[in-house]
1. For the stretch 158-177, does any single residue satisfy the condition of being of a type in the set (A, V, I, L, M, F, W, C), in contact with a Lys or Arg (Cβ under 6 Å, 6 or more places away or on another chain), assigned to a loop (DSSP other than H, G, I, E, B) and modelled with pLDDT of 60 or more?
2. Which members of the stretch 52-67 meet the condition of being open to solvent by less than 50 Å² (accessible area, probe 1.4 Å) and part of a strand (DSSP E or B)?
3. Residues of the stretch 76-93 being touching a residue at least 40 places away in the same chain (Cβ under 8 Å) and of a type outside the set (A, V, I, L, M, F, W, C), which ones?
4. Answer yes or no as to whether Ile9 is open to solvent by 70 Å² or more (accessible area, probe 1.4 Å) and either assigned to a strand (DSSP E or B) or at pLDDT below 90 (or both).
5. Could you tell me whether Ser146 is exposed (fewer than 11 other Cβ atoms within 10 Å of the Cβ) and modelled with pLDDT under 90?
6. Which one of the conditions (1) more than 22 Å from Asn73 (Cα to Cα); (2) out of contact with any Leu (no Cβ under 8 Å at 6 or more places or on another chain); (3) of a type in the set (A, V, I, L, M); (4) open to solvent by 30 Å² or more (accessible area, probe 1.4 Å) does Val113 fail to meet, given that it meets all the rest?
7. Which residue pairs have Cβ atoms under 8 Å apart, sit 6 or more places apart or on different chains, and have a first residue in the stretch 13-30 that is in contact (Cβ under 8 Å) with a residue 24 or more places away in the chain and a second that is charged (D, E, K, R) and not in a strand (DSSP E or B)?
8. Output yes when any residue across the stretch 118-125 is open to solvent by 20 Å² or more (accessible area, probe 1.4 Å) and hydroxyl-bearing (Ser, Thr, Tyr), and no when none is.
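The values are calculated or read from the model by the stated rules, or taken from the named source; none is laboratory data. Computed from a prediction, not measured in an experiment: that's the story for all the values here. Because the Cβ atoms are built from the backbone with ideal geometry, glycine has one as well, and the counts that use them run over all protein chains shown. Surface areas here come from the heavy atoms of the whole protein model, side chains and all, with no ligands, DNA or RNA. Shrake-Rupley method; radii C 1.70, N 1.55, O 1.52, S 1.80 Å.
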Amino acid sequence: RNEIGSIYIIQSSSDGGWELERKMNLQDAGLTDNKTSTFGSNYTAEYMTFRKFGAMGCSISGSYAVASAEGQNIYVSSLSNYRRQRNSTFIFKSSSSGWDLEKRLIDPTTDFVEIGGLNDTTNTEFGLGVKIKNNSVFVNSPAWRSATSASFSYPEGRAYIYVSSSSTEWPLTQTVENPFSGSTLYAGDNTGV
């Protein structure tokens, strides 16, 4: 429904073939909180407020897998406006019982516009590119901009690094700003600016 998305864990088997170990999606991960009061009667489960799970970004390292999803921009008739769910990156851990959701990392931008017109809510593209390695998760946010009033066409971009401090905690330990101070990243007309 609505491009929710799934990721597939496929492993090589002892006979030299490849076997599907697990298909994962946000519904199976237990994201089923009732969101009717927030997003309306068409979105009774939280997983329905996301799209592009896995297509935004996906990475695996050892017993961990991370995948991102885009928060949907949903029209809420009672508001006569749109409401956006924040993008999130989900960390899964493999155990004897299978792959289970361990942590959800939510877009940490402090200047988030949740309610507005169709093109006025914030989408920093948090999770459009993720990497996990050595108990560290790198999450790209290429459309982040320091002022939400600035044109969406000229984002500065930033990235976030989360480091596991215990078996289930993944605190944000570093924010990586655009290294080209005062500049923006622009890909609107293929000029390479």
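1. yes
2. Within the stretch 52-67, the first condition is being open to solvent by less than 50 Å² (accessible area, probe 1.4 Å), and the residues that meet it are 53-54, 56-57, 59, 61, 63-67.
Once the filter is applied, which keeps residues that are open to solvent by less than 50 Å² (accessible area, probe 1.4 Å) and part of a strand (DSSP E or B), the stretch 52-67 yields Ser59, Ser61, Tyr64, Ala65, Val66, Ala67.
3. First pass over the stretch 76-93, keeping only residues touching a residue at least 40 places away in the same chain (Cβ under 8 Å): 83, 85-87, 89-92.
Answer for the stretch 76-93, where residues must be touching a residue at least 40 places away in the same chain (Cβ under 8 Å) and of a type outside the set (A, V, I, L, M, F, W, C): Arg83, Gln85, Arg86, Asn87, Thr89.
4. Working: open to solvent by 70 Å² or more (accessible area, probe 1.4 Å): no; either assigned to a strand (DSSP E or B) or at pLDDT below 90 (or both): yes.
Spelling it out, it is not the case that Ile9 is open to solvent by 70 Å² or more (accessible area, probe 1.4 Å) and either assigned to a strand (DSSP E or B) or at pLDDT below 90 (or both).
5. Details: exposed (fewer than 11 other Cβ atoms within 10 Å of the Cβ): no; modelled with pLDDT under 90: yes.
So Ser146 fails the test.
6. The number of the failed condition is (1).
7. Within 8 Å, the pairs are Leu26/Glu46.
8. Start the filter on the stretch 118-125 by keeping residues that are open to solvent by 20 Å² or more (accessible area, probe 1.4 Å), which leaves 118-120, 123, 125.
If we keep only those that are hydroxyl-bearing (Ser, Thr, Tyr) too, we end up with none.
The answer is no; no qualifying residue exists.
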